[in-house]
Amino acid sequence: AAAAAAAVAAAARAMITDLGLQELVLSAGQHQLKVALLLSCLVVVLLRRLRHQDGGEQTRRLPSKLASASGSSPARPLFLPLESDATPRQRRPNGGTAGGTPTPVSGSPRYAAWLGCCVARPQVGGEQVGEEADYSCRSRSTRSPHSDAASNASPAGSPLGDFGGAGFGGGGGGGAWTVEAIVAAGVPAECAEAVRQLGLEVGVSGDEPLSDPTTLWRFASAREFNIQAGKDMYTAAMAWRASLSMKSVMESLGDGEAYRKDGSRDTKDVCSWSWTRSHGTPESDFASTYGFWGRLSAKGLPDQAPIAIWRVGEIDVKGYTTEKLLGIVEHGFISHMEDLLQAGRAESRKSGKIVRARLILDCHNLKLSNLKYLPAVRHIFGLGKQFFPEVTASITLVRAPKITTFIYKAVEPFLTPVMKRKVRILGNDFEAGLRSHAGLEKSVLPAFLGGRASNAEVCNAKCVPEGFGRRSGLGGT
């Protein structure tokens with residue numbers, strides 16, 4: 001432990017020196033540094049939710065200073081690779097790379113590996129965020145046992161294969177997705193074969209459960225187009241949805257859509273989504289008052305992507321924990337993530353291209369006390385990473401503390417294009433940055449962020465009163 005602490009300190013000093021931040025660190029008060037640390041941890045947790053990280057992926061070794069300080073190399077590498085959008089490495093089925101030992105991205109400083117955990121999937125298709133990505137899906141896919149047995153060709157005269165021209169499945173059965181139908185649904189052509197293989201592996205046809213092409217793409221993309229890993233994620237997600245009773249969660253926190261007992265939607269039209277957070281049940285009233293999330297009703301983007309606001313600076317994690325309310329908070333957050341997934345899914349089906357949400361994190365009044373409860377925050381956000389893949393296209397932090405925005409500006413020139421497109425940290429004057437990063441105008445935001453939308457579209461994020469869990473009957477044991 002002492003050696004590891006010394007190694008981390010040495011690496012931190014090297015990074016501070018390289019960035020020329022010595023004077024800033026010396027002049028900053030303890031309070032400011034703690035706020036910056038909390039915000040940094042939050043960014044890492046959120047972005048790890050959007051990118052799978054397991055022992056099967058090729059990872060980067062510790063920086064040389066860190067390795068020498070600890071005296072030996074770790075048994076398991078700690079950092080994800082940094083890849084250039086223009087030159088993706090060819091991945092072998094066993095998780096290695098065709099080029100052998102990974103090499104740093106050209107132009108990246110030696111401490112760039114520390115930022116590797118923040119790399120998430122780039123934008124694809126018609127998404128209106130950032131630059132177009134080089135998406136080499138085929139090089140990342142693992143061949144399915146069904147690949148040779150299944151035909152890629154559609155029946156004559158029908159680009160949608162067995163599902164006809166009325167839709168891309170309509171909830172019906174009748175065979176596996178064809179490559180032509182998958183591309184017509186909006187999946188990039190280079191990813192279509194991997195998505196087809198995943199559909200064969202999980203044995204689905206039609207739109208449910210979460211089995212339309214663009215949703216299968218989300219699972220495949222979240223697992224770097226490794227078919228077996230994508231199958232495992234999909235299977236686990238379907239089992240979780242059934243055991244959780246997604247039907248009960250969505251009915252207790254809102255209305256407008258029907259669900260089956262297995263957690264799939266009870267509809268033949270996945271092109272529409274009308275569920276809204278409502279009042280009237282103890283769970284929904286709690287979420288509206290003490291939750292921190294919300295999806296805006298306004299559509300301020302060309303692709304009609306959902307817009308989500310999280311009031312992370314106001315989260316009362318201490319209240320959730322001490323009043324034993326984490327269970328109901330989880331259900332509220334799950335309903336919000338399901339709302340984002342299904343809203344993006346519906347727009348994807350209507351537009352014929354992959355649509356993902358834009359997420360805005362309001363960091364105003366970020367609480368240092370939440371550092372103590374970081375595992376609880378990580379657990380809540382981790383639900384999204386596990387069971388709601390590829391929901392967001394960008395994450396924009398606004399009203400962040402000044403020291404954090406200063407550090408971000410210093411580091412920004414060294415970030416890869418993927419990192420820059422995925423996350424942006426902005427201060428109180430965020431209008432121009434929000435427009436350039438997420439494509440959003442400030443006017444579509446709630447009034448508490450200077451926009452015209454109603455504050456009621458986002459949960460109030462109030463502090464939980466002492467004894468509330470017991471008095472309300474919502475607190476656990």
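When ALA237 is tested against the conditions (1) of a type outside the set (D, E, K, R); (2) under 19 Å from PHE388 (Cα atoms); (3) at pLDDT below 90, the lone failure is (3). Listed by position, the helices (runs of 4 or more DSSP H) contained in the range 408-477 that have at least 3 residues being buried (at least 19 other Cβ atoms within 10 Å of the Cβ), in contact (Cβ under 8 Å) with a residue 24 or more places away in the chain and not basic (Lys, Arg) are 431-438. Can you say whether SER335 is touching a residue at least 24 places away in the same chain (Cβ under 8 Å), assigned to a loop (DSSP other than H, G, I, E, B) and either aromatic (Phe, Trp, Tyr) or at negative phi (or both), as far as the supplied structure shows? It is false that SER335 is touching a residue at least 24 places away in the same chain (Cβ under 8 Å), assigned to a loop (DSSP other than H, G, I, E, B) and either aromatic (Phe, Trp, Tyr) or at negative phi (or both). Number of residues in the range 453-468 that are touching a Lys or Arg at 6+ places or on another chain (Cβ under 9 Å) and more than 14 Å from VAL329 (Cα to Cα): the value is 3. Across the range 196-248, the qualifying residues are those that are assigned to a helix (DSSP H, G or I) and among the β-branched types (Val, Ile, Thr), and the one among them that is farthest from ASP269 (Cα to Cα) is ILE227. The C-beta contact set for the range 189-204 (first residue under 14 Å from MET233 (Cβ atoms) and in contact (Cβ under 8 Å) with a residue 40 or more places away in the chain, second residue open to solvent by less than 30 Å² (accessible area, probe 1.4 Å) and of a type in the set (Lys, Arg), distance under 8 angstrom, 6+ apart or interchain) comprises ALA194/ARG140.
Within the range 249-261, being assigned to a loop (DSSP other than H, G, I, E, B) and either of a type in the set (Phe, Trp, Tyr) or buried (at least 16 other Cβ atoms within 10 Å of the Cβ) (or both) holds for one residue alone: GLU257. In summary, ARG218 fulfils each of the numbered conditions (1) in contact with a Pro (Cβ under 9 Å, 6 or more places away or on another chain); (2) open to solvent by 10 Å² or more (accessible area, probe 1.4 Å); (3) closer than 30 Å to SER278 by Cβ with the single exception of condition (2). The numbered conditions (1) in contact with a Phe, Trp or Tyr (Cβ under 6 Å, 6 or more places away or on another chain); (2) over 28 Å from GLU330 (Cα atoms); (3) not acidic (Asp, Glu) are all true for ASN428 except (1). Among the candidates ARG345, ARG349, ARG356, the residue that is crowded, with 18+ Cβ neighbours inside 10 Å, basic (Lys, Arg) and closer than 21 Å to HIS437 by Cα is uniquely ARG356. Which ones in the range 274-288 are open to solvent by 40 Å² or more (accessible area, probe 1.4 Å) and touching a residue at least 40 places away in the same chain (Cβ under 8 Å)? Within the range 274-288, ARG277, PRO282, GLU283 qualify.
Of the set (1) open to solvent by less than 60 Å² (accessible area, probe 1.4 Å); (2) within 19 Å of the chain's Cα centre (by Cα); (3) at pLDDT below 95; (4) not aromatic (Phe, Trp, Tyr), all apply to VAL317 but (2). Of all positions in the range 383-401, at least one carries a residue that is assigned to a helix (DSSP H, G or I) and open to solvent by less than 10 Å² (accessible area, probe 1.4 Å).
The values are calculated or read from the model by the stated rules, or taken from the named source; none is laboratory data. For clarity, every value in this text was computed on a predicted model and none was experimentally measured. Glycine also receives a Cβ, built like all others from the backbone with ideal geometry; neighbour counts cover every protein chain displayed. Each accessible area value is taken on the protein alone, full model and side chains, heavy atoms only, with ligands, DNA and RNA left out. Shrake-Rupley method; radii C 1.70, N 1.55, O 1.52, S 1.80 Å.
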